[in-house]
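Working notes for the structure below.
The values are calculated or read from the model by the stated rules, or taken from the named source; none is laboratory data. Everything numeric in this text was worked out from a predicted model, so none of it was measured. Positions of Cβ are generated from backbone atoms using ideal geometry, with glycine treated the same way; all protein chains shown enter the neighbour counts.
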């Protein structure tokens with residue numbers, strides 16, 4: 001399930017501490033600064049896309065507030081994540097702890113100081129405070145050691161309030177931007193992007209995701225298998241910059257389908273082009289200053305990738321399919337000894353079982369996601385035609401019913417054809433590795449149909465074909481809704 005994107009930060013481990021949130025100073029002379037924090041991509045899966053937070057700073061306090069707080073120790077975390085039932089929370093961290101936490105994973109932190117009015121800044125702080133206090137919060141005291149071994153006490157305040165995480169439409173980035181936009185609009189001003197070109201630069205959410213997964217090809221393949229055509233809609237950069245989530249903290253994001261910018265790195269770039277327009281039409285840049293908070297960070301070398309890429313694996317699989325199919329054909333065409341024919345048949349059976357097992361296991365995951373998961377962009381997926389749990393039955397029919405075996409081959413050919421059509425017609429972007437895999441499946445299906453033409457005249461054994469086709473159609477009905 002590593003194919004599904006995750007943007008977040010694991011919960012802190014520490015001792016519960018005392019009340020840490022101070023009362024806000026209502027004096028007009030208080031200098032309150034709000035900044036937008038963007039973390040570069042890290043090595044861990046949940047940090048592969050970076051992270052977003054807000055910095056709230058006064059003379060007395062300095063906090064980083066983020067909406068990417070979760071815990072791997074949550075009961076049933078894996079199953080909840082598979083079904084899209086993952087709940088995230090918000091946390092306030094002291095700034096040194098926040099920067100250190102991400103620097104430990106080689107992630108730099110960029111601060112964009114915002115030109116909010118004092119009233120807007122207070123609105124942002126009050127909104128973040130309300131999230132923390134809505135249902136109470138826990139305080140954790142975490143010691144942080146300095147270069148010379150000295151201990152600096154740091155704190156995390158984790159809210160008991162949660163929201164339903166949605167990696168495309170409701171995550172740490174969209175929540176942070178929502179808070180800024182809401183504060184600006186509440187004071188009668190607007191957040192606009194006048195310098196972003198509305199020309200021919202179009203992007204899809206899938207292509208945006210690929211920008212951060214190039215060095216993790218297997219993870220990227222997992223994403224492409226799970227995400228359906230919803231992420232292949234092209235949108236202009238200007239549209240992505242403007243279309244942020246506008247919902248409140250307690251509203252349902254499940255029905256949101258508009259394009260969103262959901263990635264921290266893009267939020268940073270868009271904010272560089274953003275302006276605030278006041279009631280008189282005057283413009284001022286949203287960002288007044290950009291600061292690298294990790295100037296001395298030495299990013300650790302990227303972990304070596306697995307030497308066998310998905311494309312290479314699929315290529316080897318297609319070559320093996322050609323070799324096995326050619327061996328079977330030659331052993332029959334040249335009237336080879338029965339032992340040779342049986343040997344090639346054994347190799348063919350083993351190879352077909354490998355293909356069907358892969359198709360069946362991946363199909364189980366896709367069927368669960370398309371049928372029951374609340375994750376976005378997985379409700380429709382053309383790959384469920386090729387990857388279906390029904391193909392696990394093909395292993396049984398290979399040994400029980402030759403007519404069932406031919407039925408599996410015919411369904412496989414249809415699935416391969418529809419997969420290729422969906423790619424050529426632009427219905428869904430299909431990875432090249434999957435296309436090579438589909439060609440291997442199609443080749444083996446052609447061999448199966450050509451080997452048993454007489455089996456269509458054996459109705460007494462046709463029960464296998466009926467059961468398989470009925471199961472396949474039923475599972476497709478579940479996957480497609």
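When only residues in the stretch 359-390 that are under 14 Å from residue 408 (Cβ atoms) and free of Cβ contacts under 8 Å to residues at least 60 places away in the same chain count, which is surrounded by the fewest Cβ atoms within 10 Å (Cβ to Cβ)? Selected residue: 360. Within the set 145, 80, the sole residue that is free of Cβ contacts under 8 Å to residues at least 12 places away in the same chain and under 28 Å from the mean Cα position of the chain (by Cα) turns out to be 80. Of the candidates 413, 427, the single residue that is surrounded by fewer than 21 Cβ atoms within 10 Å (Cβ to Cβ), modelled with pLDDT of 85 or more and part of a helix (DSSP H, G or I) is 413. Out of curiosity, is residue 59 in the same structural domain as residue 163 (by TED's automatic domain parsing) and touching a strand residue (DSSP E or B) at 6+ places or on another chain (Cβ under 9 Å)? Spelling it out, it is not the case that residue 59 is in the same structural domain as residue 163 (by TED's automatic domain parsing) and touching a strand residue (DSSP E or B) at 6+ places or on another chain (Cβ under 9 Å).
Across the stretch 39-60, the qualifying residues are those that are within 17 Å of the chain's Cα centre (by Cα) and assigned to a loop (DSSP other than H, G, I, E, B), and the one among them that is farthest from residue 105 (Cα to Cα) is 49. Could you say whether any residue in the stretch 160-171 is farther than 25 Å from residue 265 by Cβ and either surrounded by 14 or more Cβ atoms within 10 Å (Cβ to Cβ) or more than 27 Å from the chain's Cα centre (by Cα) (or both)? Checked against the condition, which is being farther than 25 Å from residue 265 by Cβ and either surrounded by 14 or more Cβ atoms within 10 Å (Cβ to Cβ) or more than 27 Å from the chain's Cα centre (by Cα) (or both), the stretch 160-171 yields at least one hit. Against the test of being surrounded by fewer than 18 Cβ atoms within 10 Å (Cβ to Cβ), under 22 Å from residue 38 (Cα atoms) and either modelled with pLDDT under 95 or in contact with a helix residue (DSSP H, G or I) (Cβ under 6 Å, 6 or more places away or on another chain) (or both), the options 296, 270, 262 yield a single qualifying residue, 296. Looking at (1) touching a helix residue (DSSP H, G or I) at 6+ places or on another chain (Cβ under 7 Å); (2) over 18 Å from residue 175 (Cα atoms), which is the one condition that is false for residue 38? Condition not satisfied by residue 38: (2).
Yes or no, residue by residue, for (1) farther than 27 Å from residue 291 by Cβ; (2) out of contact with any helix residue (DSSP H, G or I) (no Cβ under 8 Å at 6 or more places or on another chain); (3) in the same structural domain as residue 49 (by TED's automatic domain parsing):
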site: 86; (1), (2), (3): yes, no, yes
site: 112; (1), (2), (3): no, no, yes
site: 115; (1), (2), (3): no, yes, yes
site: 126; (1), (2), (3): no, yes, yes
site: 148; (1), (2), (3): no, yes, yes
site: 151; (1), (2), (3): no, yes, yes
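Residues that are in contact (Cβ under 8 Å) with a residue 60 or more places away in the chain, under 18 Å from residue 265 (Cβ atoms) and part of a helix (DSSP H, G or I) within the stretch 191-219 comprise 205, 206, 209, 219, listed in sequence order.
Looking only at residues in the stretch 339-358 that are buried (at least 19 other Cβ atoms within 10 Å of the Cβ) and within 28 Å of the chain's Cα centre (by Cα), the one that is farthest from residue 316 (Cα to Cα) is 356. Please work out if residue 391 is modelled with pLDDT of 95 or more, over 19 Å from the mean Cα position of the chain (by Cα) and either over 24 Å from residue 234 (Cα atoms) or assigned by TED's automatic domain parsing to the domain that holds residue 443 (or both). In short, no. Checking each residue in the stretch 120-140 for being surrounded by 15 or more Cβ atoms within 10 Å (Cβ to Cβ) and part of a helix (DSSP H, G or I) picks out 120, 121, 122, 123, 124, 125, 127, 128, 129, 131, 132.
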